Amino acid sequence: MRMLVILLLVVPGPEGRAGGRQPELLESRSRSLKSEVDAEAVRPLGARVTVARGRRRWDAGSTPTGAGAGVPRRALTPPQPARLPARLRSADTHSALPERSAEPMEPAGRGLEGRGGAELLQGELEALVQDVVKASSWWERHGVDCAILALSLLAVPAGFLCLRFGNVLVFALGISILGVCHYTLTVKGSHLATHGALTESKRWSKIWELFFVEVCTAFTAEHAKYGHVKMHHGYTNVIGLGDSSTWRLPFLNRYVYMFLAPFLIPIITPLVALERLREVAFWTALRTLSLISLGLYSHYWMLLNVSGFRSPGSALACMFVTRSLLAHPYLHVNIFQHIGLPMFSRDKKPQRVHMMSLGVLNLPRLPVLDWAFGHSIISCHVEHHIFPRLSDNMCLKVKPVVSRFLQEKQLPYNEDSYLARFRLFLSRYEEFMVQAPPITEIVGLQ
């Protein structure tokens, strides 16, 4: 029986602050490695995979010490051959399953066998998840997450009322309620609405997208959808497209970035939105500006007239505090789950199932963040990237199916703790957030 043999080669990406061009020796070594892979006989079943990173070789069963050592503990092993289930050929694809990309996820010339094997793996996984989705009720598919968002909206008046009291504990409770509700609506709500995961109606999806993204978050719906759905999900960890480079601020040192920069998020978000209005049609810009102004002024008006703040300065300060309450984990989560994992070039990116299993990481369940950010961002990020139109609750429900499938096929299923990633980024900040990221290439498929 033959198996898929994957050889990874990491070379530096585009020139960065601390990056540069590799010497000709490395280019020669790269061509040599490709020749070795093309000429190498197919390994027998059970053979170990040798991974080349830069000019250093290490066995996939050992712990890497060179570039790419930020990859979590699970090693990359070749997947077993997969067969397309018969039920997939006759069943209709559920609307919650991801749309196929028209662009091939792997360049031509890699061999039809390699591409076909990845497509069979993706098809088999889709069939398994489709069975779970079809057996789920509307409450499981959409109701649970809609209820969380509704409860957050209903809790907002209670938060404003708590700010009227002079008692420190009650005032702190009001700040906590408004802060958690703000991030539930702006992160969880905007994320689900942008993916169309709140409802199966296109009209209502657009309404919820405008409400959560523009009114609540103070950002532009068009750019949110393009940047997140089209680029980040379409080109996950592809250098210059979906590589999370927008989160890099190389001119800041590690402590300023990790501890102080998150406070800038509530200020920068509407400013960036205003700058992006130049790129949209006039009526779209007018609509966006009106909705953003409505959301910001409503927050300010409620603080003055419901919470009883007597000065504009104190009201604005309270807005800042509530809108930055969970800014630190928001920034950290966005960099922990992709940066430090394998990155790919546009012309040599792998097939979808390999790209998502290699370049996405799950964090453990954290009650407050699960509520405010959603399972698809915290503990089910791998599942979300493979099936982006599933709601948070459905991502949690299919998580055992996806993890078991990837492990059975011996594909990576990256998991790590929040504290472990935090320590890793503090210790290797220059490598992850300042230098140009290394590029991982699948240079041999047999």
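Within the accessible area of the range 119-184, what % is carbon and sulfur when the probe is 1.4 Å and the other protein chains stay in place?
Whole-percent figure for carbon plus sulfur exposure: 74.
Provide the per residue accessible area, probe 1.4 Å, for the range 132-171, rounded to a whole number of square angstrom.
57
For the peptides 428-440, 184-196, what is the packing order when you average, over each peptide's residues, the other Cβ atoms within 10 Å and list the highest mean first?
Top of the packing list down: 184-196, 428-440.
Could you order Met258, Met319 so the one with the most accessible surface comes first? Probe is 1.4 Å.
Reading off the accessible areas and sorting them downward yields Met319, Met258.
Hey, can you find the accessible area per residue of the range 176-247 for me, probe 1.4 Å, expressed in square angstrom?
37
With a 1.4 Å probe and all protein chains in place, put Lys225, Lys399, Lys349 in order of accessible area, largest first.
Result of the area sort, largest leading: Lys225, Lys399, Lys349.
Using the Karplus equation 6.51 cos²θ - 1.76 cosθ + 1.60 (θ = phi - 60°), what ³J(HN,Hα) coupling, rounded to whole Hz, does each residue of the range 261-278 give in order, writing x for Gly and Pro?
For the range 261-278, the Karplus curve yields 4, x, 5, 7, 4, x, 8, 6, 3, x, 5, 5, 4, 5, 5, 6, 5, 5 Hz.
Residue separation times 0.36 nm, minus the C-alpha to C-alpha distance between Leu316 and Leu286: what's the value?
8.4 nm
Computing the accessible area with a 1.4 Å probe over protein heavy atoms, can you report the carbon and sulfur percentage for the range 216-297?
Ligands and nucleic acids excluded, carbon and sulfur give 71 percent.
About the Cα centre of the range 300-446, what is the dipole size in debye to 20, counting +1 per Lys and Arg Cβ and -1 per Asp and Glu Cβ, all else neutral?
240
If I stretch the segment between Lys348 and Leu366 completely, what's the gain in nm (0.36 nm per residue apart, minus their alpha carbon distance), one decimal?
2.9 nm
Heavy atoms only, probe 1.4 Å: what % of the accessible area of the range 335-446 goes to carbon and sulfur, would you let me know?
56
Extension gain Lys134-Ser201, at 0.36 nm per residue separation less the Cα-Cα distance, in nm?
Contour length minus the Cα-Cα distance gives 22.4 nm.
Grab the beta carbon distance between Val256 and Ser176, set R0 = 30 Å, and tell me the FRET efficiency rounded to 0.05.
0.70
Tell me, what HN-Hα J-couplings in whole Hz come from the Karplus equation 6.51 cos²θ - 1.76 cosθ + 1.60 at θ = phi - 60° for each residue of the range 294-304, using x for Gly and Pro?
Listing the rounded values in order: 4, x, 5, 5, 4, 4, 5, 5, 5, 5, 6 Hz.
Which cross-chain or sequence-distant (5 or more) residues have an amide H under 5 Å from the amide H of Phe344, H modelled 1.01 Å from N in plane?
Those lying under 5 Å, H to H, from Phe344 are Val238, Ile239, Thr440.
The values are calculated or read from the model by the stated rules, or taken from the named source; none is laboratory data. This one's a predicted model, so the numbers in the text were calculated from it and none came from an experiment. Counting neighbours? That spans all protein chains shown, and the Cβs are built from the backbone with ideal geometry, glycine included. Only protein heavy atoms, including side chains, enter the accessible area calculation; ligands, DNA and RNA are left aside. Shrake-Rupley method; radii C 1.70, N 1.55, O 1.52, S 1.80 Å.
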